């Protein structure tokens, strides 16, 4: 996830400070997230995605079935909801 966020931020042409401000985080928190030493909760990940003008699912690596099976139910449901929403957006854009 860290690399996906960093790459998306660079593509958007924004600084860590700008992204942090938009997502309600410090520049240091964004640096930690991009370094992989801090993981944002899903609601914060959604705010980061909004600031970058992308879908939250674009900031999450795809899960293999074995990986998803090991997640706690509440996390698996959150991940599934994000991917389902991303699929709807892709379908509506004709990208599916």
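Observations, loosely collected:
- Filtered residues of region 3-34 (kept if buried (at least 16 other Cβ atoms within 10 Å of the Cβ), at pLDDT 95 or above and outside any helix (DSSP H, G or I)): 14
- Complete set of residues in region 35-54 that are over 9 Å from the mean Cα position of the chain (by Cα) and part of a helix (DSSP H, G or I): 35, 43, 50, 51, 52
The values are calculated or read from the model by the stated rules, or taken from the named source; none is laboratory data. The structure displayed is predicted, hence computed values, not measured ones. Note: ideal-geometry Cβ built from the backbone for every residue, glycine included; neighbour counts use all protein chains shown.
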